[in-house]
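Step one of this worksheet: look at the structure below.
A short reminder: the numbers here are calculations on the coordinates, not readings from a lab. For clarity, every value in this text was computed on a predicted model and none was experimentally measured. Here the Cβ positions follow ideal geometry from the backbone for every residue, glycine too, while neighbour counts run over all protein chains shown.
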Amino acid sequence: MSTNLSRRHFLLGSGMGLGSVALSAMMAEQGPHHKAKAKNCIFLLMEGGPSHIDTFDPKPRLEALHMTKFQKERNKFEANMNTGERYYVKSPFQFRRAGKMGIEINTHFEEFSTVVDDVCFYRGLRAESVNHPTALYHLNTGTQFGGDPAIGAWTSYGLGTINKHLPSFIVLPDTAYPQGGAANWSNGFLPAIHQGTPLRPTGSPVLDMAPPPGVTPERQRATLDLLNSLNNKHQQRHPAHAELAARVESYELAFRMQAEMPKVLDITSENKQTLEMYGIGGPNKDADAIGRRCLLARRLVQAGVRFVQVIVMGWDSHDYIENAHGARIRAIDKPIAALLKDLKRTGLLDETLVAWSGEFGRSPDNGIRRDGTAWGRDHNATAMSCWLAGGGVKAGHIVGATDETGLKGVEVVHPIRDFHVTLLHLLGLDDSKLRYLHAGREKQLSQTGGELIRDLLT
């Protein structure tokens, strides 16, 4: 464990009370472990498990195998899959080659096809669970059991905040929370100031952002000062009560947010062309909603938010995948392409790491035979695709490969812990040094350490 972290834990337990929180925050802002291009991250989470076979990893072999029996011994990853006869199913989608490298992607990605030269597609990732909540916990926190800090919380803890008037870790959920709920962006055992702050997808993103009528900033400041004085006395009697210190810090942050957050969340200040580029105000209502979250993500990192997670649900296509995945792809196409273009236009792409991933991939077969276009795909932990852009990523490349049916990874295969190690590395953090003493041992995002996926780096 580094000297800084050891001193932090000493101070938190030494009776210094509220002052230790401020000091530990300053110590976290001393800088990354190594020089890195990326200063912040936007993580695009596709909840439900998008099919790699039907998005960014086409498998022509399935054309010949379509509706023939799928025979394979079931393994531990398939424990929750459908029982009964299984059949290979081809993709109902067409694919196009895009970019200088001619990377094959689903034809529904019309706008996204124009930005593939800025993207590194990784086809060798492997999950460890085919159960949605545990797989989501694993992708977000490094463990399948929940309760540990999310990667955004680790990033906040390791790098500190850029803008003291805004939370360092913000989550933009869909109309409902993903399976597993708020534990997907928990601070876990880290100080509570590092937990993700979710913004409401409809209505006011933050409730009670404005003070009540007649309450001036001076009056609020006086109220907080009185509260801090009382809490200080309580803290002196209970020096190990870190939650109290974090609660006081949250009051102070909420007070500071009133001045800056409304301006950041006001997308009406954007010009018409930008709104249209994101799909905002267009006929596709899903694209409008996702476009608003993607635009907010750009505005948040531009304002100094360290880690932003955008959640898009609806990818769990066990049947009717042509309709379900087709609708999802058309909904994310303009918003995500616009996000990359906008980051590049504003000069933010070099210093912003963008990641796109679901919690697992999908299988080349379905458990129950269906005719026509009604077939879908089961969960698959042995093969999944993700992509990265910006922040020191090898743009315009494909890394890794799955077998001819898309069942499992066969080239540059890495588990999710290595993906986490790589994300942290791109942000200037070393997983082996980014640790926190909890329950008698030093803990880290990768749990037991991992390997850097060097093929993804420039």
Residue-ordered couplings for region 36-47, obtained by feeding phi - 60° into the Karplus form 6.51 cos²θ - 1.76 cosθ + 1.60 and rounding to whole Hz (Gly and Pro as x), are 8, 6, 6, 9, 8, 9, 10, 9, 8, 9, 9, 6
The long-range amide H neighbours of V399, using H built 1.01 Å from N in the peptide plane and a cut-off of under 5 Å, are F121, Y122, R123
Phi angles of region 91-105, converted by Karplus (6.51 cos²θ - 1.76 cosθ + 1.60, θ = phi - 60°) into ³J(HN,Hα) in whole Hz with x for Gly and Pro, give 6, x, 9, 9, 10, 10, 8, 9, x, 5, 8, x, 6, 7, 9
If every Lys and Arg gets +1 and every Asp and Glu gets -1 at its Cβ, then about the Cα centre region 257-312 yields a dipole, in debye to the nearest 20, of 120 debye
Taking the dipole of region 309-368 about the Cα centre (Lys, Arg +1; Asp, Glu -1; charges at Cβ), the one of Y320, G361, L339 that reaches farthest to the positive side is L339
Note, A303: beta-carbon cut-off 9 Å, +1 each Lys/Arg, -1 each Asp/Glu, net +1
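What does the charge count near L139 come to, summing +1 for each Lys or Arg and -1 for each Asp or Glu among other residues with Cβ under 14 Å from its Cβ?
-3
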Counting Lys and Arg as +1 and Asp and Glu as -1 over every other residue whose Cβ sits under 11 Å from the Cβ of G314, the net charge comes to -3
Here P(r) for region 133-184, Cα-Cα distances in 10 Å bins, as whole percents, is 26, 45, 26, 2
Honestly region 340-445 on the Cα gyration tensor test (a ≥ b ≥ c root eigenvalues; a/c under 1.5 rounded, otherwise a/b vs b/c for prolate or oblate) is just oblate
Given 438-451, 322-335, 298-311, 43-56, the highest-first ranking by average Cβ count within 10 Å works out to 43-56, 298-311, 322-335, 438-451
Listed by chain and number, the residues whose amide H is under 5 Å from that of M384, excluding neighbours fewer than 5 places away on the same chain and using placed H, are L125
Checked against the positive end of the charge dipole of region 379-446 (+1 on Cβ of Lys and Arg, -1 on Cβ of Asp and Glu, about the Cα centre), the farthest of P415, M384, G428 is G428
Scalar couplings 3J(HN,Hα) for region 173-183 by Karplus 6.51 cos²θ - 1.76 cosθ + 1.60 (θ = phi - 60°), nearest whole Hz, x for Gly and Pro, are x, 7, 5, 9, 6, x, 4, x, x, 5, 5
With the 8 Å Cα cutoff and a minimum separation of six or more residues, region 339-414 has a relative contact order in percent of 30 percent
Once amide hydrogens are built 1.01 Å from N within the peptide plane, the residues lying 5 or more places from T352 or on another chain with amide H under 5 Å from its amide H are K39, G391
